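In what follows, a structure is listed as structure tokens, so that the remarks can point back to it.
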Amino acid sequence: MDQQDLSSDDVLRDALEEHGHRFTEQRAAVYRFLSSTDMHPTADEVFLTVRNQVPVISLATVYKSLETLVSCGLAQKLTFGEGCARYDGRTDPHHHARCLSCERIVDVPGSLPPEDVRELDQETDGFTVTGYRLEFTGYCSGCREDDGASVMAWS
């Protein structure tokens, strides 16, 4: 059966089982929300949305569910400096742009060519590169207009 033929609950159930976790309705609700949004929510934002569907869910359960999804490869945990962690339901290779004013995060498609990654690996003095994450910082269109922020010119 093709991965596209599976429901989100089936994908979750299979990944949880493969990693020694059990399927729960709370985890399913967190996963459904995370996989349906591109807003890169914090755990608090996930909690506020998911508790409409599962009123008895606690914030601690949301945190644990998010960490379980990350450990099973069904989500990414995005940490930027000292701010709250955000979660991304997209696990395919992609990058992020973060607004320095409102902290909105958006997906940026693409990746470095494999030969560039191999070249970095060779230049890191014995450090073996197993992955990378590229973050663009700047101002989203709304904040740029509000603040009159300057735009970096790419050449």
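The values are calculated or read from the model by the stated rules, or taken from the named source; none is laboratory data. Model, not experiment: these values are computed from the prediction. Every residue, glycine among them, receives a Cβ derived from its backbone with ideal geometry; neighbour counts consider all protein chains shown.
Could you tell me which numbered condition S8 fails, if it satisfies all but one of (1) under 30 Å from S141 (Cβ atoms); (2) modelled with pLDDT under 95; (3) surrounded by 13 or more Cβ atoms within 10 Å (Cβ to Cβ); (4) among the polar types (S, T, N, Q)?
If we test S8 against (1) under 30 Å from S141 (Cβ atoms); (2) modelled with pLDDT under 95; (3) surrounded by 13 or more Cβ atoms within 10 Å (Cβ to Cβ); (4) among the polar types (S, T, N, Q), just (1) comes out false.
Can you spot a residue in region 26-43 that is part of a loop (DSSP other than H, G, I, E, B) and among the small types (G, A, S)?
no
Give me the residue from region 32-64 that is under 16 Å from the mean Cα position of the chain (by Cα) and farther than 24 Å from R98 by Cβ and, out of that set, surrounded by the most Cβ atoms within 10 Å (Cβ to Cβ).
That would be R32.
Which residue pairs have Cβ atoms closer than 7 Å, lie 6 or more positions apart in sequence or on different chains, and pair a first residue in region 54-71 that is in the same structural domain as S8 (by TED's automatic domain parsing) and free of Cβ contacts under 8 Å to residues at least 60 places away in the same chain with a second residue that is assigned to a helix (DSSP H, G or I) and among the hydroxyl-bearing types (S, T, Y)?
Pairs that qualify, where the first residue is in the same structural domain as S8 (by TED's automatic domain parsing) and free of Cβ contacts under 8 Å to residues at least 60 places away in the same chain and the partner is assigned to a helix (DSSP H, G or I) and among the hydroxyl-bearing types (S, T, Y), are L69/Y31.
Checking C102 against (1) at positive phi; (2) not assigned by TED's automatic domain parsing to the domain that holds R22, which single condition isn't satisfied?
Tallying (1) at positive phi; (2) not assigned by TED's automatic domain parsing to the domain that holds R22, C102 fails exactly one: (1).
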